[in-house]
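For reference, the structure is listed below as structure tokens.
The values are calculated or read from the model by the stated rules, or taken from the named source; none is laboratory data. Predicted, not measured: the structure shown is a model, and the values here were computed from it. Cβ placement follows ideal geometry from the backbone for every residue including glycine, while neighbour counts extend to all protein chains displayed. All accessible areas refer to the heavy atoms of the entire protein, side chains included, with ligands and DNA or RNA removed. Shrake-Rupley method; radii C 1.70, N 1.55, O 1.52, S 1.80 Å.
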Number of protein chains: 2
Amino acid sequence: MSAAPLVIVFPLYPQLTQLDFTGPHQFLCRLPGAEIVLASARGGEVEAEGGVVFARTVRLADVDRCDVICVPGGLTCTDAALDPDYLPHVRRLAQGARYVTSVCTGSLILGAAGLLQGRRAACHWAWRDLLSEFGAIPDDGRVVRDGHILTGGGVTAGIDFALTLVAEIAGDAFAQGLQLGLEYAPAPPYRAGRPETAPPEVLAAVNARMAPLLEKRFAQVRAAAAAMG
Amino acid sequence: MSAAPLVIVFPLYPQLTQLDFTGPHQFLCRLPGAEIVLASARGGEVEAEGGVVFARTVRLADVDRCDVICVPGGLTCTDAALDPDYLPHVRRLAQGARYVTSVCTGSLILGAAGLLQGRRAACHWAWRDLLSEFGAIPDDGRVVRDGHILTGGGVTAGIDFALTLVAEIAGDAFAQGLQLGLEYAPAPPYRAGRPETAPPEVLAAVNARMAPLLEKRFAQVRAAAAAMG
């Protein structure tokens, strides 16, 4: 291991899906030499979906550089993609990073930052097709690698993504030890985690709940894509 | 659904393992009518392992009652079990709760509160045997139910625990929709998540890393068990 810290930045934003960030964080924070930076557009407190409030985030403008940038998703990801105090810093930090990463709809933010043109990327299944608006190639993998870009699918995929990244950085044996330490031997009570395996009526109900969000999000994605120029 | 909120309390404490709390939270916060209360002994900010700081927690003494109490684990769980501003409130809130629950070593806290006598409970594999000091019956299940007590195994088991609890409260179809919405179709890159399946040299390395913690934790568990009277 090098003595230099491995700087890992999570750029947070209001109403993010907190598990997109906290899942990978729990694994990555145990990497030898990891220095985790929680940042946001304005610094200070960031409230996530469900009322969890993360304190003491630093201003993105004050973060010089990083080795890994990991962008979480959320129902508000397209608001973040249109925030001039957020998106340009994601682009800047990603340009100097060894690994550019995202979980869930965080890949839409990477896309809006112009970082995914011609690249394969994962995303939450319900919003995956929107990636193509940014010139990215939607991929239905749970963890997708294209060069130094590593993206995870929806929410809980962040854990599989994190283990993959840990293995890449610290080797298989370390990653396996971390999996054991965090007892990651998942046993979901149902096989409903993907649209291909969920009962059709469950998929229909989830799609119906998301329908009212589609129009706003699509408009925002188009505005973000137009802003890419 | 009843119109009354379903009050779910997470009693946090310094240096908890944040995913023990954030994993279940992400699922439980989407339950219809859920009112999530993040509480701690002294209120305000709580810093977890890895530097995540949770803001705006309320004082446990100010929480009247709850429907569900969910106690997370952490390397400092036995410190919490010995904290007179923490443990008595866990006991009090649990006594009026419909579901008494924990993730990972949070079950040691339930045990220290005298809530697990003669009950089967799960725990992180490395500390599971300590449950018997509190008169509990260690169970190697990932999610263990004994009456109204629902406990999850180590860290990531909190997600399987949460889905089980969601199904109990809101039914299978709702739980499946949530699993789909959070894309919980886990695909770990290794089968190293349990001591029975991890490569022996990986298990040996993890055990060696934990050895220095054993003596202090065992002493604390004995002190907490003695305090149960």
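Ranked from shortest, the separations from the 7 Å Cα-to-Cβ label point of B:Phe218 to its equivalents in the other copies are 6.4 nm. Peptide A:159-166 shows a mean partner chain C-beta count of 3 within 10 Å per residue C-beta. In the complete set of protein chains, residue-level accessible area for A:Asp62 is approximately 100 Å², probe 1.4 angstrom.
Between B:His148 and B:Phe218, the simple spin-label model (points 7 angstrom out along Cα→Cβ) gives 3.6 nm.
Shielding of peptide A:16-26 by partners, expressed as the average count of other chain Cβ atoms within 10 Å per residue Cβ, is 6. Put a dot 7 Å past the Cα of B:Ala226, heading toward its Cβ, do the same for A:Glu196, and the two dots end up 5.8 nm apart. Sorting B:148-154, B:201-207 by average packing, meaning the other beta carbons within 10 Å per residue, from highest down gives B:148-154, B:201-207.
Counting Cβ atoms of other protein chains within 10 Å of each residue's Cβ and taking the mean over peptide A:189-202 gives 6.
Over the protein assembly as shown, DSSP H runs of length four or greater, each weighted -39,500 (n - 2.57), average out per residue to a 222 nm ellipticity of -11500 deg cm²/dmol.
Summarising the amide proton neighbourhood of B:Ile137: residues at separation of 5 or more, or on other chains, whose placed amide H is nearer than 5 Å comprise B:Gly118, B:Arg119, B:Arg120, B:Ala121. Rounded, prolate or oblate: pick one for region A:165-229, where a ≥ b ≥ c are the square roots of the eigenvalues of its C-alpha gyration tensor, a/c under 1.5 means rounded, and failing that, prolate if a/b is larger than b/c, else oblate. Oblate, since a/c reaches 1.5 and b/c is not below a/b.
Solvent-accessible area assigned to carbon and sulfur over region A:89-229 amounts to 53 percent, based on a 1.4 Å probe.
Would you please name the GluC sites (Glu not before Pro) within region B:144-200 that are DSSP coil residues with at most 11 other C-beta atoms within 10 Å of their C-beta?
Details: sites: B:Glu168, B:Glu183, B:Glu196; in loops: B:Glu183, B:Glu196.
When the GluC sites (Glu not before Pro) of region B:144-200 are filtered for loop state and at most 11 Cβ neighbours within 10 Å, B:Glu196 remain.
Place the label 7 angstrom along Cα→C-beta at A:Ile137 and in each other copy, then list the distances from the first to the rest in nm, shortest first. Taking the point 7 Å beyond Cα along Cα→Cβ, the inter-copy spacings are 5.6 nm.
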